[in-house]
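> Got a structure for you, questions after.
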Amino acid sequence: MPKPSQIKHVSWRDGRPRFTPGPELRDAGYASTDLRWPDPAPEGWAPVSLLPGTKGSTGRWFSRGEAVDWSDALCRQIEKAAKAVPAATPAAAMAPVRRARHYTVAQLAEDWQKSRKFQLPTDKAELRRQVAEKIVYAPKTVRDYRQKLRVVEDFDPTLWASPVDALSQPVLFGLYEELVAARGISTARGAIATLSIALGWGKRRGKFTFRENLGVNPAQDLQMATPPPRIRFGTRTEIETLIAVADHMGIPESGDMTMLGVWSGQRQGDRLALEDFGLIKGRRHFRQAKTGAIVAVLEAPELERRLAASAERRRAAKAEALLGAEAEERPAIERRFKRVILNEHFDKRFEKCFWRPFEGQNYSHVFARVKAVAVAGVRAENGIDWLIKPCKTLADFQEPDLRDTAVTWLALAGCTIPEICAITGHSLTSATRVLKHYLAVHPEMADSAIRKMAAWYDAGGETEFGL
């Protein structure tokens, strides 16, 4: 079977196949397509049934074999279409080839994504070095830029095919307003900001001059609205419900992720990449598998219990994997089982659990399932009593809110902002922004403030200087 990079007309991004037509195929009417199954899939549907240009597929992504089948079918379709076109006359065949008169937004996006900034090295140490030196974009940035470019391409195909020099500030402000109405402020801001970066990259390389906008980047200075900050922390009941539901559903790794979020304050992506290096002087030492950064936190009893149970669950699987492995495979297996969080889904097709790290947005879908059950509650077998009571307030809770929860709970426990930042990795500014929304009106904080002032007053506190 060919390697992913060898499958014709198919590009791979983080293990996800996508059809991205070149200029000739775009001119022939082919459009970009995510190679995914529909959800639900109609009876008899096969990967070759996916038509180029199909939007909105939400099922699983094609496997490598399915992508090969789809690519072969597309090649046959292209070859058949080419044969159906009448042969060119000798005069037409001899006509000189004309270069495109206009450099389009689509061409800019294609050239930018082929540039050095998007070529990420496979070696992790080299990748960290090049990201630090700003030779390449960070992997997350690459994914975000590509996603935002797809937003513009799908939302306004006419602008996508327009010459860059025809863009003006009113045109892009109109795009921004339409995106706000259709997709919201955050998506609109992100799409325009990404387009602005791409335009700046192309201008510096002399690909266009912004002729219609007097030489100025038309995506700048649009005075776009700033969305209100999303700051939401979980209550003790909400967090306990999420963990209980995850364990009830047989997804204990989701409960571990929730507990880890509250007691470490790390971002979702960082938690998924943490490797456990054990206790050192009473602190649990983790290393982020992607960045190599060390996270050391004093281990709370609740977190200690979750990690111990996780280690016990995977003990037999690790032993089995090592037993059947060659000597050169063992270090990779040891490294994999150091991950704090592994996907423990039991695959019925193979009758086993593969104990692999979560990929892409897979964990976000797992959390969404757990949250939906937590909101609805879990009935006992008699159908009347509640095994786990519904927690309706979780309806607007999101997984990243666990990070705000950690900041808020630490503050309620009396931690200073520098102490909080030392645990969660927040900047002083971002931690302060989280706290000012909740703690100023929290009754426990008000009580604590009065107690502190009373103690100061009773101790003879002075209000005059120089006494």
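> Residues with beta-carbon under 13 Å from that of Ala182, excluding Ala182: net charge, scoring Lys, Arg +1 and Asp, Glu -1? Spell out each step's value before the answer.
Working: positive: Arg183; negative: Asp154, Asp156, Glu177, Glu178.
Residues close to Ala182 contribute a combined charge of -3.
> Could I ask something else about it? Short version: ³J(HN,Hα) in whole Hz for each residue of the stretch 262-274, in order, from phi by Karplus 6.51 cos²θ - 1.76 cosθ + 1.60 (θ = phi - 60°), x for Gly and Pro, what are they?
Working through the residues one at a time gives 6, 9, 10, x, 7, 5, 4, x, 5, 5, 5, 9, 6 Hz.
> Starting from one equal scatterer on each C-alpha and no solvent at all, send me the Debye-based log10 I(q)/I(0) for the stretch 193-237 at q = 0.22, 0.23, 0.27, 0.33 Å⁻¹, two decimals.
Log-scaled intensity ratios, in q order: -0.80, -0.84, -1.00, -1.21.
> A follow-up question, please. Which ³J(HN,Hα) values, rounded to whole Hz and listed in residue order, are derived for the stretch 354-365 from phi using the Karplus coefficients 6.51, -1.76 and 1.60 in 6.51 cos²θ - 1.76 cosθ + 1.60 with θ = phi - 60°, glycine and proline given as x?
8, 6, 10, x, 5, 10, x, 9, 4, 5, 4, 5
> Still on this model: Mind checking the stretch 158-230 for trypsin sites (Lys or Arg not before Pro) that DSSP puts in a loop (not H, G, I, E or B) and that have at most 13 other Cβ atoms within 10 Å?
Details: sites: Arg183, Arg189, Lys203, Arg204, Arg205, Lys207, Arg211, Arg230; in loops: Arg205, Lys207, Arg230.
Here the trypsin sites (Lys or Arg not before Pro) that fit, given the DSSP loop and packing criteria, are Arg205, Arg230.
> Follow-up question, since we're still on this one. Treat the count of other C-beta atoms within 10 Å as a stand-in for reagent exposure and order Asp144, Asp256 from fewest to most.
Lowest to highest Cβ neighbour count: Asp144, Asp256.
> Before rounding to the nearest 500, sum -39500 (n - 2.57) across all DSSP H runs of length at least 4 in the chain and divide by the residue total; then give [θ] at 222 nm in deg cm²/dmol.
Details: 19 runs with 230 residues, N = 467.
About -15500 deg cm²/dmol.
> Among Asn213, Leu279, Ile78, whose Cα sits farthest toward the positive end of the charge dipole of the chain (+1 at Cβ of Lys/Arg, -1 at Cβ of Asp/Glu, about the Cα centre)?
In the chain, that residue is Ile78.
> Rounded to the nearest whole Å³, what is the per residue volume of the convex hull around the Cα atoms of the chain? If you can, show how the numbers build up before the last one.
Details: hull volume 118.5 nm³, N = 467.
Each residue corresponds to 254 Å³ of Cα convex hull volume.
> Still on this structure: Order of His365, His9 from fewest to most other C-beta atoms within 10 Å? The partial results should precede the final answer.
Working: His365 10, His9 19.
Ranked by crowding around the Cβ, least crowded first: His365, His9.
> To continue, here is another question. If you project the alpha carbons of the stretch 105-213 onto the principal axes, what extent comes out on each, in Å, largest first?
44, 32, 18
> Then there's this: Please report, largest first and rounded to whole Å, the three semi-axes of the ellipsoid equivalent to the stretch 294-442, where each semi-axis is the square root of five times an eigenvalue of the C-alpha gyration tensor. Don't skip to the end; give the middle numbers.
Numbers: eigenvalues 225, 130, 39 Å².
Here the semi-axes work out to 34, 25, 14 Å.
> Report D for the stretch 4-91 in µm² per second (integer): Stokes-Einstein, Kirkwood Rh on Cα pairs, 25 °C, 0.890 mPa s. Working shown, then result.
Details: Rh = 14.0 Å.
For these conditions, the coefficient is 175 µm²/s.
> Which pairs, out of Lys55/Lys148; Lys80/Lys148; Lys318/Lys352; Lys134/Lys203; Lys8/Lys117, put more than 22 Å between their alpha-carbon atoms? Could the numbers behind the result be given before it?
On the way: Lys55/Lys148 16 Å; Lys80/Lys148 34 Å; Lys318/Lys352 13 Å; Lys134/Lys203 19 Å; Lys8/Lys117 24 Å.
Too far apart for the 22 Å limit: Lys80/Lys148; Lys8/Lys117.
Taken together, the values in this text are just the output of simple stated rules run on the coordinates, not laboratory data. Model, not experiment: these values are computed from the prediction. Glycine also receives a Cβ, built like all others from the backbone with ideal geometry; neighbour counts cover every protein chain displayed.
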